[in-house]
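Heads up: the structure comes next, in structure tokens.
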Amino acid sequence: MTSAVVVGSGPNGLAAALTLAAGGVRVRVIEAADTLGGGLRSGELTLPGLTHDECAGFHPLLLGSAFVDRFDLTGAGLAYRWADAEFTHPLDGGRGATLWRSVDETASALGQDEAAWRGVFGPLTERFDAISEEFLRPMVHVPRHPLSLARFGAHAVLPAAVLAHRWRTPQARALFGGVAAHALRPFGTLMSSAIGVALTTAAHAYGWPAAEGGSAAIRDAILARAREHGVTFETGRTVGSVDELGRVDVVMLDTSPRAALRIAGHRMPRRVQRAYRRFRHGPGAFKVDFAVAGGVPWTHEPSRRAGTVHLGGGFEEMAAAEKRVNAGRMPERPFVLVGQQYLADGTRSAGDVHPLYAYAHVPAGYTGDATEALITQIERFAPGFRDRIQATYVRSATDMARHNANYVGGDILTGANDPAQLVFRPRPGFDPYATGAPGIYLCSAATPPGAGAHGMCGYNAARAALRALR
């Protein structure tokens, strides 16, 4: 029987394992940590009874993905929950903007930008299933829906600073800018709109759901399906070389390109070795989890009902902060993403004390303490927040890298912020998962479609491996 070893048990490693096993391959997963799941882990980080997501908190690209549809994760116990509003962007003075699931409801609140918002996101939302089918595959492929992909690409290829000119009001520009900032790219660079356009359209099409019980519930559903197909697991073991794995037909590496070189570089052609060495990681994330009594007292009232809140002031202020972070300098007022998953999933709270998830964008490998800057940004839009904090749990950019070796320098996007790598990642070619070594594949978020599309990198890589086995 054909056999495979998957190194790493993040969502992509688990998806690769399940996909291979469903294809008739005997699969073993080896994980260096004591707990499976990578970015899909949850725990009581601050106080007993509060459930915090350790990395991934909302999952806008999970619903409708080929991997989730094929393996019916809801049938394996996964339940999705939504807050009233998908995300908001407060501005100074209690102003702000809100993204509701409905394009019309969102647009109608944007005043003179109503028609422009509807003009961009209305057609994309109507075609989102076809569009997402395209961008959740390798960038270089023959499209099944070329017209829908072209409509999406016409917006996605633009610098965020250019696309933002479609809107005139500070509210609409900030609403888009906060989502574009997820790319961790300067707003003036090509394709810096891509993630913002994709995630905004996903919010209108499916919302930004949280997993009931924590993001670890997604891991648990994949594990349940994998065990049904006979996948076995080994934790607490670091693989130093593929030579340790014995005779196997397929090796899937859910690792960074740097780690893939360490494990299997001696079997790769020199051109692939060079490409993996050149692979660029982006800025980092500095994460603070809070236990908060009574929730966050946002002055922008809709933010009290939103699953995600983006903090960074107006579009120009965010653009300056992202440019500074990419230049390796810490901004005084960093972009901060706040997750209020408990508004979607009340099981995460303990009475009137709630878990709050927040991270700031910081330079790659940042060794400083951004806790105060992060708290100050929240306090700016929610005076009195500081007095409600019951406990904190801090994970710096360097802590993120120690906690998960794929987050090099704290880069939770695994290099997806680089425009060239967004198209040709991790190296040019028609098979981005192949390492050039027979039977060895890279299946981490360093491959298409990248971070945020939980499992799709591993699913695509495993399908490539199964085709090669035939």
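Can you say whether Thr299 is closer than 30 Å to Arg380 by Cβ, among the hydroxyl-bearing types (Ser, Thr, Tyr), surrounded by fewer than 24 Cβ atoms within 10 Å (Cβ to Cβ) and modelled with pLDDT of 95 or more, as far as the supplied structure shows? Considered against the rule, which asks whether it is closer than 30 Å to Arg380 by Cβ, among the hydroxyl-bearing types (Ser, Thr, Tyr), surrounded by fewer than 24 Cβ atoms within 10 Å (Cβ to Cβ) and modelled with pLDDT of 95 or more, Thr299 comes out as yes. Here Gly236, Gly230, Gly240, Gly265 are screened, and the one residue that is open to solvent by less than 60 Å² (accessible area, probe 1.4 Å), assigned to a loop (DSSP other than H, G, I, E, B) and without any contact (Cβ under 8 Å) to a residue 40 or more places away in the chain is Gly240.
Has the range 197-207 got at least one residue that is in a loop (DSSP other than H, G, I, E, B) and among the β-branched types (Val, Ile, Thr)? Taking every residue of the range 197-207 in turn, none turns out to be in a loop (DSSP other than H, G, I, E, B) and among the β-branched types (Val, Ile, Thr). Arg277 meets the conditions (1) of a type in the set (D, E, K, R); (2) within 30 Å of His266 (Cβ to Cβ); (3) buried (at least 18 other Cβ atoms within 10 Å of the Cβ) in every case but one. The failed one is (3). Annotation: of all residues in the range 449-470 being open to solvent by 10 Å² or more (accessible area, probe 1.4 Å) and in a loop (DSSP other than H, G, I, E, B), the one that is nearest to Leu413 (Cα to Cα) is Ala451. In the set (1) small (Gly, Ala, Ser); (2) open to solvent by 10 Å² or more (accessible area, probe 1.4 Å); (3) touching a helix residue (DSSP H, G or I) at 6+ places or on another chain (Cβ under 7 Å), the condition left unmet by Ser192 is number (2).
Search the range 338-358 for residues being more than 20 Å from Val394 (Cβ to Cβ) and either within 19 Å of the chain's Cα centre (by Cα) or among the aliphatic types (A, V, I, L, M) (or both), and hand back the single one that is most open to solvent (accessible area, probe 1.4 Å).
Ranking the qualifying residues of the range 338-358, first place goes to Leu343.
Assigned to a strand (DSSP E or B) and aliphatic (A, V, I, L, M), is that true of Ala291? So Ala291 passes the test. Per this entry, Ala260 is not counted among residues that are under 25 Å from Gly455 (Cα atoms), touching a residue at least 12 places away in the same chain (Cβ under 8 Å) and within 20 Å of the chain's Cα centre (by Cα).
Every residue in the range 304-320 that is more than 17 Å from Pro170 (Cα to Cα) and crowded, with 24+ Cβ neighbours inside 10 Å, please.
Of everything in the range 304-320, those that are more than 17 Å from Pro170 (Cα to Cα) and crowded, with 24+ Cβ neighbours inside 10 Å turn out to be Ala306, Gly307, Thr308.
Rundown of residues vs (1) among the β-branched types (Val, Ile, Thr); (2) crowded, with 23+ Cβ neighbours inside 10 Å; (3) touching a strand residue (DSSP E or B) at 6+ places or on another chain (Cβ under 7 Å), yes/no style:
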position: Ala360; (1), (2), (3): no, yes, yes
position: Ala370; (1), (2), (3): no, yes, yes
position: Glu379; (1), (2), (3): no, no, no
position: Asp387; (1), (2), (3): no, no, no
position: His403; (1), (2), (3): no, no, yes
position: Tyr407; (1), (2), (3): no, yes, no
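Contact map, the range 197-215: first residue in contact (Cβ under 8 Å) with a residue 40 or more places away in the chain, second residue part of a loop (DSSP other than H, G, I, E, B) and acidic (Asp, Glu), Cβ cut-off under 6 Å, separation 6 or more or different chains; pairs are Ala210/Asp345; Glu212/Asp345.
The values are calculated or read from the model by the stated rules, or taken from the named source; none is laboratory data. Note that this is a predicted model, so its numbers are computed, not measured. All Cβ positions, glycine included, derive from the backbone under ideal geometry; neighbour counts span all protein chains shown. Note: areas computed on protein heavy atoms with side chains; ligands, DNA, RNA excluded. Shrake-Rupley method; radii C 1.70, N 1.55, O 1.52, S 1.80 Å.
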